[in-house]
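Since the structure comes first, as structure tokens, the remarks are kept for the end.
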Amino acid sequence: MSLQWGGGPVVVEPKFLDGSVGRLFSVLHRPGPGQPALRGSVLCLQGFNEEMNRCRSMVTLQAQAFAARGLATLVLDLTGTGDSEGDHGDARWELWQADVRCALRHLLHLQAPVQVIWGVRLGAILAAQMGAEVPNADLLLWQPVLDGKIHLTQFLRVRMAAQLDRPDLPKETTQSMRALLSQGDTLEVAGYALHPQLTAVLDGLKLAAYQPLQNNRVLWVEQASADKQELSAPNQALVNAWQQAGVKVDGQAYIGPAFWQVHERAVAPDLLEKTCAWMNSAAEALVSA
């Protein structure tokens with residue numbers, strides 16, 4: 001399938017990769033016929049549960065934009081998510097780490113050195129964590145999650161909200177749900193089965209624990225309001241800490257919809273433009289170095 005975005009035609013190739021416990025579905029976006037040779041690749045790690053579905057339109061548009069600029073972009077469904085093999089109850093953080101390594105090997109096999117690991121929401125923590133294994137790869141973080149426990153708590157509240165119109169059911173709290181998980185029970189929320197081994201890891205994840213290497217470039221982009229175009233205070237504090245440690249972090253705010261929250265297709269052109277501009281500047285810096 002051939003698409004058009006910006007600089008030239010883009011070819012989209014759905015394919016399954018051989019993962020450690022099953023096949024992993026992926027979509028490779030690459031330059032189309034007549035385009036210059038590949039100059040590198042991008043690996044996209046998506047959001048958690050329903051956020052992955054809500055972000056697909058934006059992820060696809062950005063992947064096409066990268067491909068039109070000579071970067072093969074692989075969008076990966078992790079084990080137990082999307083169209084990859086396994087149920088969501090099979091998902092474990094360590095399996096997702098193995099999935100990332102599998103995708104990285106695939107991109108190297110294409111002779112497209114990985115230039116950027118791109119994390120969306122919870123995928124930003126996984127991207128930062130795995131970035132240490134690809135020392136020359138830059139990081140792109142879209143609306144990154146800072147704290148896995150807070151993120152999981154927000155998701156558990158979906159189950160609480162679904163029970164509001166069911167007075168016949170005992171009322172649950174996030175504490176009671178975590179108690180079930182701590183007993184080894186799998187918990188279902190909005191159709192997603194959560195294994196206690198996965199949730200235990202999520203509760204301990206913090207983006208601050210995975211500081212990028214000093215030679216990495218990092219673009220951190222998050223939504224802002226029109227009257228206050230800046231990062232939120234907690235996020236700016238982490239960006240400042242990384243900058244003070246010598247990491248080349250560019251924190252930017254975009255104006256547009258919270259596409260990871262809305263059910264209907266939502267596009268944020270400002271986010272796409274800021275990301276492409278950063279990628280262009282990174283490429284120019286690489287050439288002039």
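Lysine pairs in the chain 8 or more apart or on different chains: how many have alpha carbons under 25 angstrom apart?
On the way: Lys149/Lys171; Lys149/Lys206; Lys206/Lys248; Lys228/Lys248; Lys228/Lys274; Lys248/Lys274.
Lysine pairs meeting the criterion: 6.
Just the ratio, please: alpha-carbon radius of gyration of the chain over 2.2 N^0.38 Å, N its number of residues. Mind showing how you got there, number by number?
Values: Rg = 19.1 Å, N = 289, 2.2 N^0.38 = 18.9 Å.
With N residues counted in the chain, Rg over 2.2 N^0.38 Å equals 1.01.
At 4 °C and 1.567 mPa s, grab the translational diffusion coefficient of the stretch 1-105 from Stokes-Einstein with a Kirkwood Rh over Cα pairs, rounded to a whole number in µm² per second.
For the chosen part, D equals 92 µm²/s.
Which residues in the stretch 41-58 have a backbone N closer than 18 Å to a point placed 7 Å from the Cα of Glu264 along the Cα-to-Cβ line?
The answer is 54-58, whose backbone nitrogens lie closer than 18 Å to the label point.
Among 186-196, 12-22, how do they line up by average Cβ neighbours within 10 Å per residue, starting with the highest?
Values: 186-196: 16.3, 12-22: 14.5.
So the peptides 186-196, 12-22, ranked by packing, come out 186-196, 12-22.
Full extension from Met160 to Ala132: what is 0.36 nm times the residue separation minus their Cα-Cα distance, to one decimal in nm?
6.4 nm
Just grab the label-to-label distance for His109 and Thr153, each label 7 Å out from Cα along the Cβ direction, in nm (one decimal).
Placing both labels 7 Å beyond Cα along the Cβ direction yields 4.3 nm.
Taking the Cβ-Cβ separation of Ala200 and Gln229 as r and a Förster radius of 25 Å, what is the calculated FRET efficiency to the nearest 0.05?
On the way: r = 38 Å, r/R0 = 1.51.
Given R0 = 25 Å and the Cβ-Cβ separation, E is 0.10.
Hey, what number do you get for the chain at 222 nm if only DSSP H runs of n ≥ 4 count, each worth -39500 (n - 2.57), divided across all residues, to the nearest 500? Can you show the working numbers first?
Working: 9 runs with 109 residues, N = 289.
Counting only the DSSP helices, I get -11500 deg cm²/dmol.
Rule-based calculations on the coordinates, nothing more; no lab input. Quick caveat, the model's predicted, so the values are computed rather than measured. For neighbour counting, all protein chains shown are included, and Cβ atoms are generated from backbone atoms with ideal geometry for every residue, glycine included.
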